[in-house]
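Have a look at the structure below before the remarks.
The values are calculated or read from the model by the stated rules, or taken from the named source; none is laboratory data. All values derive from a computational prediction rather than experimental measurement. Virtual Cβ from ideal backbone geometry, glycine too; neighbours counted across all protein chains shown. The accessibility values were calculated without ligands, DNA or RNA, using every heavy atom of the protein model including side chains. Shrake-Rupley method; radii C 1.70, N 1.55, O 1.52, S 1.80 Å.
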Amino acid sequence: CVSSRYGWRTFAIEAALIAFAALFLFPIYVLVVQALKEPAELAASPLGLPTRLYLGNFVEAWTSARIGPALMSSTIVTGTSILLLVVLGSLGAYVLARQRPKVANLVLMFFVLGIILPFQLALIPLYQLIKNLGLLGSYAAMILFHTGGLLPLAVFLFTGFLRNSTRSYEEAALIDGASHLQTYAHVVLPLLRPVTGTVVILSAIIIWNDFFTPLLYLSGSGRQTVPVAIYSFVGQYLSQWELIFAGLIIGSAPILLAFLFLQHSVIKGFASGLKG
């Protein structure tokens, strides 16, 4: 009987898991509660439940920080960067996965170094390069930065997935007269769909939430992204926390919806991509 197996140890484990989950949910509770309070009520009771749902913070955050244009900027930068990452990363991984192991492993090690090494090491040279190219204040600067910075991760995941996938479909297409590029487009790319979801959502989270790079490359251009727009509510002597939290909810909604839509592909693709 299942009920007879339920003892104090099982109860203790369940209680610990519930407490652990509550620990992670507490910041979300604070975020939502403070975004739905009027400033006076927030000052009087920061962590208490609101006496009434106040949506004025969302309206003011949308208009004051120009979150609408910021969402558009974040969408352009994130969407274009992800498209380039998927195309370039899958093409590079296709070549590496089908090359001789010794050569491919050596090249792959350089991509792994690109994941390990912090981008701050090249911050000043990259900024000088973007400035010399005349791309400061443009979307192209952000797209080039994120595509180059996240390409090693995309190649690593795509290569791991392809090395554990069958080659029979590719070989059949090549025997039928298809070129390697046609085989990639019509056979390999559809097979990469699970890990593509992983690459898309991981890259989207990193790019969408990036604050420092847009602040550096898009400063004063009017093309600010969502994190930079929300930061406008942070002052030296006073921070408008109710507007900050409301802006965070608005800004995180698109990426949260994308994750919920792609979560199955994320889990499946990540597991397959790292399988040894």
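Brief remarks on what is shown
- Protein accessible area in the chain, 1.4 Å probe - carbon and sulfur %: 72
- Ligands, DNA and RNA are left out, and with a 1.4 angstrom probe the accessible area of the chain is 60 Å² per residue.
- Cα-projected label distance for LEU25 with ALA122, points at 7 Å along beta-carbon direction, nm: 4.3
- Per-residue ellipticity at 222 nm, computed for the chain from helices alone with -39500 (n - 2.57) per DSSP H run of at least four residues, works out to -23500 deg cm²/dmol.
- Percent RCO, i.e. relative contact order, over the chain, from Cα pairs under 8 Å lying at least 6 residues apart: 30
- Taking a sphere under 12 Å around the Cβ of ALA44 and counting the other residues whose Cβ falls inside, with K and R at +1 and D and E at -1, yields a net charge of -1.
- Estimated from the Cβ-Cβ distance and a Förster radius of 22 angstrom, the FRET efficiency linking ILE76 and ALA185 is about 0.30.
- Segments 150-163, 212-225, 50-63 sorted - mean Cβ within 10 Å per residue, highest first: 150-163, 212-225, 50-63
- Local electrostatic count at THR225 - Lys and Arg +1, Asp and Glu -1, tallied over other residues with Cβ under 14 Å: +1
- Length added when fully stretched, HIS264-SER219, from 0.36 nm per residue minus Cα-Cα: 12.5 nm
- Convex hull per residue volume in Å³, alpha carbons only, for the stretch 1-124: 314
- Furthest towards positive pole of dipole, THR51, MET109, THR80, structure part the stretch 1-127, Cβ charges: MET109
- Take the Cβ atoms of PHE110 and LEU88, set R0 to 25 Å, and the FRET efficiency comes out at 0.95.
- Computed from backbone phi, the HN-Hα couplings of the stretch 115-127 come to 7, 6, 5, x, 5, 4, 5, 10, 4, 5, x, 5, 4 Hz, rounded to whole numbers (Karplus: 6.51 cos²θ - 1.76 cosθ + 1.60, θ = phi - 60°; Gly and Pro given as x).
- Charge dipole of the stretch 1-141 (Cα centre as origin; +1 on each Lys and Arg Cβ, -1 on each Asp and Glu Cβ, all else neutral): 640 debye, rounded to the nearest 20.
- Helix axis angle, 241-273 relative to the chain longest principal axis, alpha carbon, degrees: 30
- Extension gain (nm, one decimal) between ASN209 and SER138, 0.36 nm per residue minus Cα-Cα: 23.7 nm
- Label corresponding to semi-axes √(5λ) of the Cα gyration tensor in Å when calculated from the structure given, among (i) 31, 22, 18; (ii) 40, 30, 16; (iii) 30, 28, 19: (ii)
- The chain - charge dipole about Cα centre, Lys and Arg +1 at Cβ, Asp and Glu -1, debye rounded to 20: 700
- Chain lengthening between GLU38 and VAL103 when straightened (0.36 nm per residue, less Cα-Cα): 17.2 nm
- Taking the C-alpha atoms only, the angle from helix 193-208 to the longest principal axis of the chain is near 40 degrees.
- For the stretch 20-142, the residue among LEU136, PHE20, PRO125 whose Cα projects farthest onto the positive side of the dipole built from Cβ charges is PRO125.
- Compared with the dominant Cα axis of the chain, that is its longest principal axis, helix 67-97 is turned about 20°.
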